[in-house]
Amino acid sequence: MKYKIFAGTCIVLIGLFVVTGLYYKKEQARMYDFMAQNNASTFVREHSQTLGDDDAKVFVVEFMDPACETCAAFSPLVKQIMAINPGKIKLVLRYAPFHDGADYFVKILEAAKKQGKYWETLDIMFKTQSSWASHNNPQPQKIWQFLPKAGLDLEQIKKDMKDPAILKIIEQDLADAKTLNVRKTPGFFVNGKPLETFGREQLYQLIQSEIDAKY
């Protein structure tokens, strides 16, 4: 009898846990959707770098770290999804430089933006990341030997990356990341909806579901 009561209690508790978990996820999704509609600046700031058509109905917001291996691995995937859905997706990059010293590379990116070489520089960073971003022995200065491939004026980069305004950009993005509960990179949101279960297929499905809903 006691065993039956115990078993019944366990079943009820498990049921409550599942229901509570589903309710939390549903409410969390509603919260992000609400923020996307009423506080869009939390997702997209005036300084945010974007790629894609301005008329796109699907916004992919990515909080990334230039020194993050997973960010580098996911970059080609996102561009591939954009390529097979021309005009439908706009990518918005936000900074979450969680790795020690990663703000150094953000400063280079923001300086490269002034030369119209943002995406070229980020591409070079991701492709050469293993040479300068080793977690056991990071060597940030090594990045400079690769930057000429992006067609940059390196002396101007060194001057522009000292602009105090870049620190404010980093601070704002980190504050928004905290508000959105981004704890690791890359952190993805598609039309305000978070990628709750991380993975390539999951990201593709989330983006595709928004494309199907909007087009």
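Report yes if some residue within the range 162-169 is touching a residue at least 24 places away in the same chain (Cβ under 8 Å), assigned by TED's automatic domain parsing to the domain that holds Asp53, of a type in the set (Lys, Arg) and part of a helix (DSSP H, G or I); otherwise report no.
No.
Restricting attention to the range 133-161, and to residues there that are buried (at least 16 other Cβ atoms within 10 Å of the Cβ) and in contact (Cβ under 8 Å) with a residue 40 or more places away in the chain, which single residue is farthest from Lys117 (Cα to Cα)?
Filtering first and then ranking leaves Pro138.
Take the conditions in contact (Cβ under 8 Å) with a residue 24 or more places away in the chain and not aliphatic (A, V, I, L, M) and apply them to Glu120. Does it pass?
The answer is yes for Glu120.
Would you confirm whether any residue within the range 158-169 is among the aliphatic types (A, V, I, L, M) and in contact with a Pro (Cβ under 7 Å, 6 or more places away or on another chain)?
In the first step, residues of the range 158-169 are kept if they are among the aliphatic types (A, V, I, L, M); the result is 161, 165-167, 169.
Now drop any that are not in contact with a Pro (Cβ under 7 Å, 6 or more places away or on another chain), which leaves none.
Scanning the range 158-169 turns up no residue that is among the aliphatic types (A, V, I, L, M) and in contact with a Pro (Cβ under 7 Å, 6 or more places away or on another chain).
Applying the selection to the range 45-59, what residues are surrounded by 13 or more Cβ atoms within 10 Å (Cβ to Cβ) and part of a loop (DSSP other than H, G, I, E, B)?
Once the filter is applied, which keeps residues that are surrounded by 13 or more Cβ atoms within 10 Å (Cβ to Cβ) and part of a loop (DSSP other than H, G, I, E, B), the range 45-59 yields Arg45, His47, Ser48, Asp53, Ala56, Lys57.
The values are calculated or read from the model by the stated rules, or taken from the named source; none is laboratory data. Please read these numbers as outputs of a predicted model, since none were measured by experiment. Cβ: placed from backbone, ideal geometry, glycine included. Neighbour counts: every protein chain shown.
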